[in-house]
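Asks: Next up is a structure, given as structure tokens.
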Amino acid sequence: VVDQIRLWQIEGERMKATPGSLIRDFSTERDYRETLNYAEELGVLLWRNDQKRWFFVSRHEQIADFIAQRARAQAAKAQGRA
Amino acid sequence: MPRAIPGVMVECDASIKAIIVKIDSERHDYILEDLDETTVLIKESKLADLKEALERELQDTQTFPEDEDSD
């Protein structure tokens, strides 16, 4: 992933541009924390803001799978309760 | 349900970021999200354009006259 990072040098100022995805709109703190931990374990976490519950990852495919899996598990649990 | 927004995360000096925000304010065409003081999410397709605009802007602001040489 490191080779995807582009460094700019403009007027002596260094800038770093990294492609990836912003993951946002978590409805609960727990969903946010667990998904964030997963991103950290995968080594794809590059930026985070705990107040907003936003984070940026270099690759999002596995994160999307993780989120979908959790949503399915939660739906199944809710149905079991009904 | 969380969303994934694809883009390019640009990390830079706060002063450069302020210029990026200023460039974007003209047409709102580059920034997807303002992340923090030194970080901004940019549309990938617009990254090269932004770099050019930034270089132009920096050239304009930095071409102030040289100090006149006394003596």
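Asks: Can you tell me which of (1) loosely packed, with under 11 Cβ neighbours inside 10 Å; (2) modelled with pLDDT under 90; (3) of a type in the set (D, E) is the one B:E57 doesn't meet?
Replies: (1)
Asks: Return the total of residues in segment B:24-51 being crowded, with 19+ Cβ neighbours inside 10 Å and among the hydrophobic types (A, V, I, L, M, F, W, C).
Replies: Residues that pass the stated criteria total 6.
Asks: Scan segment A:16-37 residue by residue and report those that are of a type in the set (S, T, N, Q), facing chain B (nearest Cβ under 7 Å) and more than 10 Å from the chain's Cα centre (by Cα).
Replies: A:T18
Asks: Filter segment B:1-35 down to the residues that are among the charged types (D, E, K, R) and more than 7 Å from chain A (Cβ to nearest Cβ), then identify the one that is nearest to the chain's Cα centre (by Cα).
Replies: The first filter runs over segment B:1-35 and keeps only residues among the charged types (D, E, K, R), leaving B:3, B:11, B:13, B:17, B:22, B:24, B:26-27, B:29, B:33-34.
Subset that is more than 7 Å from chain A (Cβ to nearest Cβ): B:17, B:22, B:24, B:26-27, B:29, B:34.
Values: B:K17: 5, B:K22: 7, B:D24: 8, B:E26: 12, B:R27: 13, B:D29: 12, B:D34: 11 Å.
Checked segment B:1-35; the qualifying residue nearest to the chain's Cα centre (by Cα) is B:K17.
Asks: Which members of segment A:16-46 meet the condition of being part of a helix (DSSP H, G or I) and in contact with a strand residue (DSSP E or B) (Cβ under 6 Å, 6 or more places away or on another chain)? Reasoning before the result, please.
Replies: If we filter segment A:16-46 for residues that are part of a helix (DSSP H, G or I), which is where we start, we get A:29-42.
Scanning segment A:16-46 gives A:L36, A:A39.
Asks: Also: Could you check segment A:60-82 and list, in sequence order, the residues that are among the charged types (D, E, K, R) and within 10 Å of another protein chain (Cβ to nearest Cβ)?
Replies: A:E61, A:R70
Asks: Could you please give the count of residues in segment A:38-60 that are within 10 Å of the chain's Cα centre (by Cα), farther than 19 Å from A:T28 by Cα and surrounded by fewer than 16 Cβ atoms within 10 Å (Cβ to Cβ)?
Replies: Within segment A:38-60, residues that are within 10 Å of the chain's Cα centre (by Cα), farther than 19 Å from A:T28 by Cα and surrounded by fewer than 16 Cβ atoms within 10 Å (Cβ to Cβ) number 0.
Asks: Further, regarding this structure: Identify all residues within segment A:14-27 that are modelled with pLDDT of 95 or more and more than 15 Å from B:L41 (Cα to Cα); write none if there are none.
Replies: Those that are modelled with pLDDT of 95 or more and more than 15 Å from B:L41 (Cα to Cα): A:D25, A:F26.
The values are calculated or read from the model by the stated rules, or taken from the named source; none is laboratory data. On a predicted model such as this, the values are computed, not experimentally measured, just so you know. Virtual Cβ from ideal backbone geometry, glycine too; neighbours counted across all protein chains shown.
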